[in-house]
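Colleague: Structure provided below as structure tokens; questions to follow.
The values are calculated or read from the model by the stated rules, or taken from the named source; none is laboratory data. Bear in mind the structure is a predicted one, so any value in this text is a computation, not a measurement. Cβ placement follows ideal geometry from the backbone for every residue including glycine, while neighbour counts extend to all protein chains displayed. With ligands, DNA and RNA removed, areas are computed over all heavy atoms of the protein, side chains included. Shrake-Rupley method; radii C 1.70, N 1.55, O 1.52, S 1.80 Å.
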Amino acid sequence: MIIWRGLGILNIVVPVIMFVIVNFLLSALGLRSIDSRLPMAFVFIVSGVIIWYMGKALNAQSGKVLVDVETGQHYKMGTSHSLFFIPMHYWGPVGLVIGFILIVASIFT
């Protein structure tokens, strides 16, 4: 079960699209014999950067701000974009870490 809010599903869609693009390019260039961890590392690193900036931009969009008359508190109303209750832009560094782990694993094994 995948739980998302707003456009949080893009955290899954972006890496899948990157994976398809990278596999297509590698097939077109005839480079399928390369260690499979390096292309996946590239996919995760690029997807992480894209998700970070996309999440920051989407979650920064202005929504309505309501003010409670009695307490004076401000409430921002609008859609937040998250996956598994984690804001979208926080998934970007997760992709970077996974990508660098794959690079290190490729070097040492």
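Colleague: Just to be sure, is Gly48 in contact with a Gly (Cβ under 7 Å, 6 or more places away or on another chain) and more than 20 Å from Ile98 (Cβ to Cβ)?
Modeller: Judged against the criteria, Gly48 is not a match.
Colleague: Let me ask something else. Can you tell me which residue within the range 5-25, out of those that are in contact with a strand residue (DSSP E or B) (Cβ under 6 Å, 6 or more places away or on another chain) and open to solvent by less than 60 Å² (accessible area, probe 1.4 Å), is farthest from Val43 (Cα to Cα)?
Modeller: That would be Gly8.
Colleague: Report, by residue number, each residue of the range 42-58 that is open to solvent by less than 40 Å² (accessible area, probe 1.4 Å) and either without any contact (Cβ under 8 Å) to a residue 12 or more places away in the chain or within 11 Å of Ser80 (Cα to Cα) (or both).
Modeller: Within the range 42-58, Gly55, Leu58 meet the criteria.
Colleague: Can you name the residue in the range 83-109 that is open to solvent by 70 Å² or more (accessible area, probe 1.4 Å), in a helix (DSSP H, G or I) and hydrophobic (A, V, I, L, M, F, W, C) and is also farthest from Val49 (Cα to Cα) among such residues?
Modeller: If we take residues in the range 83-109 being open to solvent by 70 Å² or more (accessible area, probe 1.4 Å), in a helix (DSSP H, G or I) and hydrophobic (A, V, I, L, M, F, W, C), then Phe108 is farthest from Val49 (Cα to Cα).
Colleague: Which one of these is of a type in the set (A, V, I, L, M, F, W, C) and over 21 Å from the mean Cα position of the chain (by Cα): Leu10, Leu102, Leu25?
Modeller: That would be Leu25, the only listed residue that is of a type in the set (A, V, I, L, M, F, W, C) and over 21 Å from the mean Cα position of the chain (by Cα).
Colleague: Considering only residues that are outside any strand (DSSP E or B) and over 15 Å from the mean Cα position of the chain (by Cα), look in the range 64-82 and name the one that is farthest from Ile21 (Cα to Cα).
Modeller: Glu70
Colleague: Next question. Across the range 64-82, which residue is least open to solvent (accessible area, probe 1.4 Å) among those that are among the polar types (S, T, N, Q) and modelled with pLDDT of 85 or more?
Modeller: Checked the range 64-82; the qualifying residue least open to solvent (accessible area, probe 1.4 Å) is Ser82.
Colleague: Next up: Can Gly8 be described as in a helix (DSSP H, G or I), small (Gly, Ala, Ser) and touching a residue at least 40 places away in the same chain (Cβ under 8 Å)?
Modeller: Criteria not met by Gly8.
Colleague: Looking at (1) touching a residue at least 40 places away in the same chain (Cβ under 8 Å); (2) touching a Lys or Arg at 6+ places or on another chain (Cβ under 9 Å), which one does Arg37 not meet, given that it meets all the others?
Modeller: The one condition Arg37 does not meet is (2).
Colleague: Determine if the range 40-63 includes at least one residue that is in a helix (DSSP H, G or I), touching a Lys or Arg at 6+ places or on another chain (Cβ under 8 Å) and modelled with pLDDT under 90.
Modeller: No: zero hits.
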